[in-house]
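Asker: Before anything else, here's the structure in question.
Laboratory data are not the source of any read-out in this text; all were calculated from the coordinates shown. These numbers were taken from a predicted model, which means no experiment stands behind them. With ideal geometry, Cβ positions are generated from the backbone for all residues, glycine too; neighbour counts draw on all protein chains shown.
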Amino acid sequence: MSDPYYVPTGAAGHLVPQIMPFRKRLQDKGFTFSLTYKAEGMGNINGGIRRGMDYVHEFTLQMNFDLGKMSRSLDGWTVHTLVMNRAGREISHDLVGDYYVNLMEVYGLSGHVVAHLVDFYAEKKAFNNRLDVAFGRMSLTHVFATSPLICSFMVTCSAPVALKVDPGFAVYPKATWGARARFRPTRDTAIQVGAYEVQPLADGPSGWAWASENATGLMLPAEFTWEPYLTRNKLPGHYVLGYAHDTTRYPDALGTKPSYLVAQAGRERSAPMDMFWFESDQMIYRKGGPGQMAGGYLMAGYIHNTPHVASISDQAYGGISFNGLIPGRTTDRLGILYSWYHVSDRKRAGQTIAQDAGLSLGSQVTGPQTDSHVIEAYYGIDTCPGLLIQPEFQYMIRPGETGHIPDAAVVGLKVIASL
């Protein structure tokens, strides 16, 4: 359960090592904390709606309480809390013209409040850490459908886009009430299941106003992970197969249309949503450096949502993630990822019916939508302990999932600093 692979990536070390003795004293008493600043500045240099630049930032304060160090009777128990502040504007909406794919990671779901509550949950580990149970307020994507390699890319952090746009999938920093259990029957396998309350993503934007949230159903995710060590060099791989059922009944993606426009009037119906995902990465060479992630990885994945009620029904991605390509820079990392997004055929059919009848598709849609593609490349520079600087390039093909907006080229910089 303490596998570092499942810890979100960020700046290694601390910018202020002078307080390490103070940190150590607190840790010995059961309290740890981290204060992180993350900023992203991205500019559209070609295509899209117009040229320009957007900026977003995030401050996070994470605090963990090891109750076992505070009282022997609570051995194995930990309480996790996380508060954040986010602000800024998103380049996808402002300049590129896409409303499904956020090209910047640090945007949305934070309510633009001074202190957004993300995490407040308890965790219990038992049986030599083979069993891990947690309950409270948390995001699904802390443990489901995510990985540090996925989250090293801005577009797919903290989960693939096809899951992030699902209304019932509580994606970080959106938190909800829930519980999950993770069990390792063998060294190389893990099974986890959960149950989470579903509310609309826009409900409770501050994270504190729990009474204002309107529950619409229950999200029931399950995930199987296989983590083999392949070849004589024991190269680690991670293969994840997941499924989730959302009991909320969502409106038909066909939309509401006058009966004379629909061949089978009255057949429009609401339905729950099912989500399937397969995510994989495999090390293909090992490079000297700390941790099992020091090396080169191949990545691939596929996500499918119920087309009857989903906007994005399918996503596929593939990429590479290498570190140590430049001699002497063993902790720097290069990543390249290609992603394909497919709009539900049901949704496209509804848009086609509306367009043929002369009805408006809305201010954000320029025509019946089909698919789009994003290519992202970054080079993460481990500048000094506690500071990561990451130049970014993204190219979006068919923004808005139509051919009406020119393909967009976006460049920028991501900075992560840890106190």
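Asker: What order do you get for 207-215, 146-154, 335-343 when each peptide is scored by the mean count of other beta carbon atoms within 10 Å, highest first?
Answerer: Ranked by mean Cβ neighbours within 10 Å, highest first: 146-154, 335-343, 207-215.
Asker: Taking the mean number of other Cβ atoms within 10 Å as a proxy for protection, how do you rank 216-228, 321-333 from highest to lowest? Can you show the working numbers first?
Answerer: Details: 216-228: 17.8, 321-333: 16.0.
Top to bottom by mean Cβ count within 10 Å: 216-228, 321-333.
Asker: Just to check I understand the Karplus step: with θ = phi - 60° and J = 6.51 cos²θ - 1.76 cosθ + 1.60, what whole-Hz values come out for segment 49-59, glycine and proline as x?
Answerer: 7, 6, 7, x, 9, 10, 9, 9, 9, 8, 10
Asker: Oh, and also: Take the alpha-carbon centre of segment 181-230, take the same for segment 367-405, and report the distance between them in whole Å.
Answerer: 27 Å
Asker: Also: Let's test this: bin the Cα-Cα distances of segment 261-419 at 10 Å from zero up to the farthest pair and state each bin's percent.
Answerer: In order of increasing distance, the bins hold 9, 26, 28, 19, 11, 5, 1 percent.
Asker: Also: Using modelled amide H (1.01 Å from N, peptide plane; none on Pro or chain starts), what sits under 5 Å from the amide H of Thr189, excluding residues fewer than 5 places away?
Answerer: Residues meeting the amide H criterion: Glu227.
Asker: Which cross-chain or sequence-distant (5 or more) residues have an amide H under 5 Å from the amide H of Met104, H modelled 1.01 Å from N in plane?
Answerer: Under 5 Å from the amide H of Met104 lie the amide H atoms of Ile91, Ser92, each far enough along the sequence or on another chain.
Asker: Ordered by residue, what ³J(HN,Hα) values in Hz, to whole numbers, does segment 381-392 give under the Karplus form 6.51 cos²θ - 1.76 cosθ + 1.60, where θ = phi - 60° and Gly and Pro are x?
Answerer: Residue by residue, segment 381-392 yields 9, 7, 5, 7, x, x, 9, 10, 10, 10, x, 10 Hz.
Asker: Under the rule of at least 5 residues apart or a separate chain, name every residue whose amide H is placed under 5 Å from the amide H of Val309.
Answerer: Distant-sequence amide H within range of Val309: Ala253.
Asker: Based on the alpha-carbon gyration tensor of segment 85-161 and its eigenvalue square roots a ≥ b ≥ c, which shape applies: rounded if a/c is under 1.5, prolate if not and a/b is larger than b/c, or oblate?
Answerer: oblate
Asker: Now for a separate question. Starting from the Cα gyration tensor of segment 113-199, take the square roots of the eigenvalues, sort them a ≥ b ≥ c, and report rounded, prolate or oblate (rounded when a/c is under 1.5, otherwise prolate if a/b is larger than b/c, else oblate).
Answerer: Because a/c hits 1.5 or more and a/b fails to exceed b/c, segment 113-199 counts as oblate.
Asker: Hey, in the chain, which Cys have no second cysteine's beta-carbon closer than 4.7 Å?
Answerer: Cys384
Asker: Rounded to the nearest angstrom and ordered from largest down, what semi-axes does the equivalent ellipsoid of segment 1-160 get from its C-alpha gyration tensor (root of 5λ)? Don't skip to the answer; put the middle values down first.
Answerer: Working: eigenvalues 239, 64, 38 Å².
Semi-axes from the Cα gyration tensor: 35, 18, 14 Å.
Asker: Which of Gly362, Gly295, Gly41 moves the most in a Gaussian network model of the chain with Cα springs under 10 Å?
Answerer: Greatest mean-square fluctuation among the candidates belongs to Gly362.
Asker: Between (i) 72, 48, 48; (ii) 61, 56, 44; (iii) 73, 54, 30, which matches Cα extents along the principal axes in Å calculated for the structure shown?
Answerer: For Cα extents along the principal axes in Å, the calculated option is (i).
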